[in-house]
Each structure stands twice: as C-alpha cells, then as structure tokens.
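First comes the structure, then the notes that go with it.
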Amino acid sequence: MSGIAWTLVALAIGVIVVRRRSIAVALVTAQAFVLAGAALTEGTSADDVVAATALGVRGVVLAALFLFLVRRTRETRPVPVGVAPLARAAAAVTLALTLIWLVPPFGLDTHEAEQATLSLVALGLVTAAMRRATLFQVLGIVLVENGLALAALSLPGEPSLAIEIGVAVDLLLVALVAGVFHERIFAEFGAGDTAALRSLRDS
C-alpha cells in the first residue's frame, strides 16, 4: 500500500503544477482508479470487491463530470495562475511536512499511509487556495477527498463495507455539488475565474 499511497501523492503534485485543465483532470481521474485498484488488490472478501467497485464507479463518474465541465466551460483566454507553479509546489510541500510533524498518529495501518493521507489533504488545500480557476479549486477538493478515501482503505483490520461505500458516495456528492457551482459561476461571468466574484457587492 505504501507504493500506491506515494503514487497518489505524486499525481497530486502534478495537479498543483500543471496549467491545462484537461491534464489536471486526467491526473485526478488516475488517482481515483489507483484507489479503486488498491481496494481490489488489497481486498480479501466479497465486501472488499463491492467497495472497490464503488470506488471504480466513483472514478468513472468523476471523469465524466470533469470532461463534461471542461467541454461545457471552455475558457476564451487562460485564467491567470496567480501563483507560479514552483511556489505552489513549495507551499504544498511545506504544509504537508508541517501537518506530518504536528499531527500525531491517528490509527492507520502504516505510518506511510498516514503521511500520504496528510500530504494529499495539504496538496488539495493548497490547490484550492492558490488557483483562481474554479475547476482547479474543485479538483483541490477532490484531492482532499482522495486523501480521506486512502485513509478509509488504510484502516486496520477489515474496514466496514458501509464505511468504504459511504466514503465513496459522500465524496462523489461533494464533487458533484462543487462541479455545479463551477458551471454556474462560468454561466454567470463567462469565465471560471474566482477573481470575477470580487465584482459582487451586498445590496
């Protein structure tokens, strides 16, 4: 599981530094399928296969949702990145190391799984905070969700099927709601740029 966990982290770093939305979507989709594959590989019972299937379905739905959003909300010009890629990566690594240092062990199978989970949360938070493009902010939320899914898969013993499927469904619903907000912002302002929201004022 340790190799899979750090593969997820490497894909998340890619999301932070890339500029094209389609590439970021591909990286997040790859994460979803890596999680499903990990659940299937580590599974030892029929319940595990069901949980892995739920994660696989989540990956397919996320891929379809993000491809739909990319096609439907084509930007006429690139959204300014705001912060340079290397600066974003440095901030993400710094936050990840800080969380790993500050957060005590919280009961996952291995220390590496705990570190990778915290790293994914940090990378997702930095992506959501430092990217002006709303779709990248949605992807940042999904990175955090993937960290939570990794934690659910790394629980000691045999994790409850209800927990694993519940996590997959809850995370999918959050991503769907965030995707709807992105589409609505684009429809209103003609761009998926959160800077446009500064034009709003209380009446």
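The values are calculated or read from the model by the stated rules, or taken from the named source; none is laboratory data. Keep in mind that this is a model prediction, so the values were computed, not measured. Methodologically, a virtual Cβ is constructed for each residue, glycine included, from the backbone with ideal geometry; neighbour enumeration extends over all protein chains shown.
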Could you give every pair whose Cβ atoms fall below 7 Å, whose first residue belongs to the range 1-15 and is in contact (Cβ under 8 Å) with a residue 24 or more places away in the chain and surrounded by fewer than 24 Cβ atoms within 10 Å (Cβ to Cβ), and whose second residue is part of a helix (DSSP H, G or I) and of a type in the set (D, E, K, R), counting only separations of at least 6 or pairs across chains? Met1/Glu42; Ser2/Glu112
Note on Ala51: of the conditions (1) modelled with pLDDT of 75 or more; (2) part of a helix (DSSP H, G or I), unmet is (1)
Say we look at the range 16-25 and pick out the residues that are of a type outside the set (Val, Ile, Thr) and surrounded by 18 or more Cβ atoms within 10 Å (Cβ to Cβ); which of these is modelled with the lowest pLDDT? Arg21
Return the only residue of Leu120, Leu86, Leu99 being assigned to a helix (DSSP H, G or I) and modelled with pLDDT under 90. Leu86
Scan of the range 99-130 for residues that are buried (at least 24 other Cβ atoms within 10 Å of the Cβ) and in contact (Cβ under 8 Å) with a residue 40 or more places away in the chain, ordered by number: Ala116, Thr117, Ser119, Leu120, Leu123, Gly124, Val126, Thr127
Is it the case that the range 34-43 has a residue that's in a helix (DSSP H, G or I), at pLDDT 80 or above and of a type outside the set (Gly, Ala, Ser)? yes
